[in-house]
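*Asks:* My structure is below; once you've seen it, I'll send some questions.
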Amino acid sequence: MVRADARLQSTYARWMTATPPALDAAASNSLATDPERLAQLFGDDRGLLPLWIAEPYVDLAPAIVAALQTRSETPWYGYEVRPRALIDSFWEWMASRHGWDGTGLNTSVSPSVGTSIGVLIEELTDPGEGILLQPPVFTDFKPLITRANRIPVRSPLVLSDDGYRMDLDDLEAKAADATTKMMILCNPHNPVGRIWSSDELTEVAAICAKHDVFVIADEIHADLALPPFRFTPFASVATDSGVSWAATHGPIKTFGLAGVCDTLLVTGDDDVSKLFRTRSSQLHLTRNNVFGMAAFETGYRTGADWLDQLLALVASNVSLLRQGLPPGIEIIEPEGTYLAWVDFRGLGMDVPELARWLAGSAHLALSPGHWFGRQGAGFARMTIATPSEQIEDAITRLTDAVDAIGS
Ligand SMILES: Cc1ncc(COP(=O)(O)O)c(C=O)c1O
């Protein structure tokens with residue numbers, strides 16, 4: 001069996017000894033291990049290793065845990081103001097980690113990325129209008145579009161020997177359609193793990209500016225660039241191009257805080273910011289969460305070292321998969337995110353067969369690729385922000401299941 005790098009083994013000993021609470025159904029209400037949800041999606045196998053949700057399964061940053069404990073000891077859980085320091089902590093983090101200066105940009109609080117995208121779709125497009133997507137892509141985008149009676153316009157990514165690339169000619173042709181009004185850009189891209197380069201983003205901005213297409217850059221995985229790759233904010237190319245845009249951010253993926261924290265919407269467009277804030281206030285979407293606020297600011301102010309270690313763990317898990325997957329299965333090298341996009345096409349299974357085999361034979365709950373669009377057929381997404389022993393376990397399960405094929 002492939003073993004994790006020895007140095008990392010000791011660094012991450014505490015991450016590798018215990019089952020993280022999120023993977024322990026008895027210890028939490030985690031969606032990842034919810035028996036009903038697992039049965040519905042993967043069948044009734046109790047022994048599934050659940051690596052299908054994009055969240056970290058490691059000990060969370062001790063300073064965040066301590067901040068939540070301290071906050072809970074102050075028995076006041078009512079209405080609170082959101083101090084300016086909260087937004088400042090985000091921008092100080094962005095400046096130091098990504099060299100991104102928020103001067104002149106509007107930053108609004110939003111309960112979730114999905115909320116931000118949903119509100120912008122309603123505010124900036126009309127029913128029947130088209131919204132560009134680049135599948136295979138994060139599963140929530142399509143229902144956000146179709147449930148608002150807008151039309152998903154697909155410009156699929158192309159898989160070449162160099163990994164996934166945008167088809168910019170196709171993107172331009174689709175952006176040029178007068179009914180296409182918006183694009184949802186995923187950067188870093190879930191599930192394929194690309195971090196779009198400044199050149200690629202510049203081309204997208206130019207196309208969308210030319211055809212008056214509003215860009216929502218979903219940058220919620222921004223902090224999860226795997227060195228040497230670096231995240232480029234869409235904002236850095238948008239100003240020169242004249243495109244209208246907004247970007248989603250926040251600590252929920254970075255620090256594993258989806259159950260407690262708000263997210264942010266950043267835009268350089270004052271009118272868009274005003275529309276967003278008016279609608280948020282009309283729908284009372286701005287309610288504070290006292291715990292979320294404590295975790296948010298503590299994460300951005302103190303979480304850098306913890307995040308660096310997490311990224312090293314993810315990189316080590318990528319190596320484990322690269323070296324250890326059995327014949328017929330390989331990973332697409334990620335540049336960012338803590339998700340591995342695993343290519344099972346070498347096994348020659350169709351979509352239902354692969355889904356059945358993964359759950360029923362390999363006993364793995366992964367997100368099957370077709371959930372991300374039909375371009376994902378033959379792939380599956382695996383969460384790899386997890387103790388390396390979980391990845392070793394997944395490799396063993398896959399190896400045993402491959403060995404059992406045809407026997
Ligand atoms: C690219 C991307 N956007 C948005 C989300 C979800 O964000 P939220 O739960 O805040 O809507 C995820 C979660 O996996 C994601 O990967």
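Bear in mind that the values in this text are calculations on the coordinates, not laboratory data. Only a predicted model underlies this, so the values are computations on that prediction, with no experimental measurement involved. Virtual Cβ from ideal backbone geometry, glycine too; neighbours counted across all protein chains shown.
*Asks:* When the helices in the chain are scored as -39500 (n - 2.57) per DSSP H run of 4 or longer and the sum is shared across all residues, what 222 nm value do you end up with, to the nearest 500 deg cm²/dmol?
*Replies:* -12500 deg cm²/dmol
*Asks:* Tally Lys/Arg at +1 and Asp/Glu at -1 over every other residue whose Cβ is under 12 Å from the Cβ of Glu297; what's the total?
*Replies:* Once positives and negatives cancel, what remains is +1.
*Asks:* Among Gly324, Gly256, Gly242, determine the one that fluctuates most according to a GNM of the chain built with springs between C-alpha atoms less than 10 Å apart.
*Replies:* Gly242
*Asks:* Can you spot the lysines whose alpha carbon is less than 27 Å from Lys274's alpha carbon? Ignore those fewer than 8 places along the same chain.
*Replies:* Result set, ordered by chain and number: Lys142, Lys181, Lys210, Lys253.
*Asks:* Would you mind checking which residues have amide H under 5 Å from Val153's amide H? H placed 1.01 Å from N; only 5 or more apart, or other chain.
*Replies:* Ile131, Leu132, Leu133
*Asks:* Roughly how many whole Å is it from the C-alpha centroid of the range 122-177 to that of the range 276-321?
*Replies:* What the calculation gives is 26 Å, centre to centre.
*Asks:* Please give the per residue volume of the convex hull enclosing the alpha carbon atoms of the chain, rounded to a whole number of Å³.
*Replies:* So the per-residue Cα hull volume is 145 Å³.
*Asks:* Using a 10 angstrom cutoff on alpha carbons, build the Gaussian network for the chain and name the most mobile of Pro156, Pro143, Pro50.
*Replies:* Looking only at Pro156, Pro143, Pro50, the largest GNM fluctuation is found for Pro143.
*Asks:* Right, another one. Write out the trypsin sites (Lys or Arg not before Pro) in the range 147-191 meeting two conditions: DSSP loop, and at most 14 other Cβ atoms within 10 Å of their Cβ.
*Replies:* Hits after loop and neighbour filter: Arg147.
*Asks:* Working from the alpha-carbon coordinates of the range 68-302, get Rg over Rh, Rh being the Kirkwood radius.
*Replies:* Over the Cα atoms of the range 68-302, Rg/Rh equals 0.97.
*Asks:* Compute the Rg/Rh shape ratio of the range 270-373: radius of gyration over Kirkwood radius, all on alpha-carbon atoms.
*Replies:* Computed over Cα atoms, the ratio is 1.15.
*Asks:* Which ordering of Arg194, Arg82, Arg397 is given by a fewest-first count of other beta-carbon atoms within 10 Å?
*Replies:* Listing Arg194, Arg82, Arg397 from fewest to most nearby Cβ atoms yields Arg82, Arg397, Arg194.
*Asks:* If you restrict to DSSP beta bridges whose two residues both lie in the range 68-302, what percentage is antiparallel, to the nearest 5?
*Replies:* 40 percent
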